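Chemist: Once you've had a glance at the structure underneath, I'll fire off some questions.
The values are calculated or read from the model by the stated rules, or taken from the named source; none is laboratory data. Being a predicted model, the structure only gives us computed values, none of them experimental. Cβ placement follows ideal geometry from the backbone for every residue including glycine, while neighbour counts extend to all protein chains displayed. SASA here: full protein model, heavy atoms, side chains in, ligands and nucleic acids out. Shrake-Rupley method; radii C 1.70, N 1.55, O 1.52, S 1.80 Å.
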Amino acid sequence: MKKAFLPSAGLSFSFTIGSLEANRLKGAPPLKSLLHYIFCMFLYLSSAIAVQAQWERVITGDASFDTPDHPSPHPLSYFTRRPFLRGFENSLCDDSETPQGTAECARDFSAKVSVRSVGTLSGFHIVELLYTFTPTDNVTDKIPQMWKSILVKTGTDSYREIYHLQSYAAPSIPDHSKLEPSRIVHVGTETVLATRDSDGGNGGGCYEAYWWFSPDGPQPLDFSSFTTAIRKRIPRDATFTPSCWALYLDRSELKSWVQKRDAKCHGCGGLGEVIAHFKLNGASVEATDIHFRSNPD
């Protein structure tokens with residue numbers, strides 16, 4: 001007897017091939033029909049999972065969430081009318097979701113919200129909100145903050161948030177007080193929504209996210225296959241930068257120096273450089289060519 005297993009959506013289906021064949025002889029549906037039904041159910045459940053993932057919200061910066069988050073749609077005024085309520089943990093004020101906390105925020109900070117149209121992908125209009133919080137003159141223990149929110153319009157006055165960044169605008173790092181506008185980028189024959197901002201450190205780190213849009217909505221780009229292919233072409237105990245400053249979406253290229261995995265500093269243990277190009281297959285990033293050039297001895 002052979003057994004087949006079909007995992008989908010956290011469920012496992014098992015059936016005995018010999019038993020199905022026996023049932024067919026007793027007048028039950030043919031084995032081919034049952035297998036076709038199970039295959040169709042697998043496609044349906046996989047599609048449902050993909051659609052759900054399309055609306056996951058990325059929460060990053062000084063309020064990072066590892067748990068997938070799927071917020072409900074809201075009118076635009078929900079995001080603009082009371083900006084102090086749009087924050088997450090490590091926000092401006094303690095208990096800002098309470099009336100007392102909101103009053104504290106309003107006393108300590110002045111708030112400005114700007115709304116900008118980014119463009120339209122697959123029929124979905126994209127809007128970006130920038131929140132600027134500046135300490136008032138009577139406050140000396142607070143520092144400015146800037147937040148970025150990316151919304152996708154899903155109805156007449158209905159928007160779903162797919163990205164939320166909370167960033168401290170450290171006075172010692174002037175460039176960190178600026179958040180770059182989100183943009184639509186051409187990647188080969190495809191177009192994607194991209195956002196990238198410095199994390200304020202000296203290692204070239206960033207807060208970034210990229211989406212490909214289908215008629216069902218935004219879907220985060222999946223770089224897993226691409227980075228796995230690169231790792232197979234560089235030395236075994238080496239590492240590289242898979243994104244941020246090394247990623248050039250408009251050239252479909254990643255260009256990164258390669259260093260020893262146990263390097264003691266950012267500039268130590270250099271082994272060479274890797275240049276890789278890619279194409280998009282929907283939201284999947286697939287390598288087209290990879291070249292590793294080692295440092296001369």
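Chemist: Considering region 216-234 alone, what residues qualify as being in a loop (DSSP other than H, G, I, E, B) and either out of contact with any strand residue (DSSP E or B) (no Cβ under 7 Å at 6 or more places or on another chain) or open to solvent by 50 Å² or more (accessible area, probe 1.4 Å) (or both)?
Modeler: Those that are in a loop (DSSP other than H, G, I, E, B) and either out of contact with any strand residue (DSSP E or B) (no Cβ under 7 Å at 6 or more places or on another chain) or open to solvent by 50 Å² or more (accessible area, probe 1.4 Å) (or both): 216, 232, 233.
Chemist: I would also like to ask the following. Go through region 196-215 and give me each residue that's open to solvent by 60 Å² or more (accessible area, probe 1.4 Å) and more than 17 Å from residue 164 (Cα to Cα).
Modeler: 202, 215
Chemist: Check 179, 193 and return the single one that is surrounded by 13 or more Cβ atoms within 10 Å (Cβ to Cβ), aliphatic (A, V, I, L, M) and more than 28 Å from residue 281 (Cβ to Cβ).
Modeler: Testing whether each residue is surrounded by 13 or more Cβ atoms within 10 Å (Cβ to Cβ), aliphatic (A, V, I, L, M) and more than 28 Å from residue 281 (Cβ to Cβ) leaves just 179.
Chemist: Mind listing whichever residues of region 198-243 are of a type in the set (A, V, I, L, M, F, W, C) and under 28 Å from residue 125 (Cβ atoms)?
Modeler: Across region 198-243, the qualifying residues are 206, 209, 211, 212, 213, 221, 223.
Chemist: Just checking, which of 205, 269 is within 22 Å of residue 150 (Cβ to Cβ) and at pLDDT below 95?
Modeler: Among 205, 269, only 205 is within 22 Å of residue 150 (Cβ to Cβ) and at pLDDT below 95.
Chemist: Among (1) closer than 28 Å to residue 155 by Cα; (2) of a type outside the set (A, V, I, L, M, F, W, C); (3) part of a strand (DSSP E or B), there is one condition residue 207 misses while meeting the rest; what is its number?
Modeler: (1)
Chemist: Scan (1) over 23 Å from residue 179 (Cα atoms); (2) modelled with pLDDT of 95 or more for the single condition residue 119 breaks and write down its number.
Modeler: (1)
Chemist: Identify, from the list 44, 78, the residue that is of a type in the set (Phe, Trp, Tyr), open to solvent by 60 Å² or more (accessible area, probe 1.4 Å), at pLDDT 90 or above and over 26 Å from residue 200 (Cα atoms).
Modeler: 78
Chemist: Filter region 254-286 for residues that are in contact with an Asp or Glu (Cβ under 7 Å, 6 or more places away or on another chain), among the basic types (Lys, Arg) and either surrounded by fewer than 14 Cβ atoms within 10 Å (Cβ to Cβ) or not in a strand (DSSP E or B) (or both) and give the result.
Modeler: 261
Chemist: Restricting to region 242-251, count the residues that are closer than 16 Å to residue 222 by Cα, touching a residue at least 24 places away in the same chain (Cβ under 8 Å) and open to solvent by 20 Å² or more (accessible area, probe 1.4 Å).
Modeler: 1
Chemist: Check whether at least one residue in region 140-150 is open to solvent by 60 Å² or more (accessible area, probe 1.4 Å), farther than 25 Å from residue 218 by Cβ and either hydrophobic (A, V, I, L, M, F, W, C) or at pLDDT 95 or above (or both), and report yes or no.
Modeler: Yes, the conditions are met somewhere in region 140-150.
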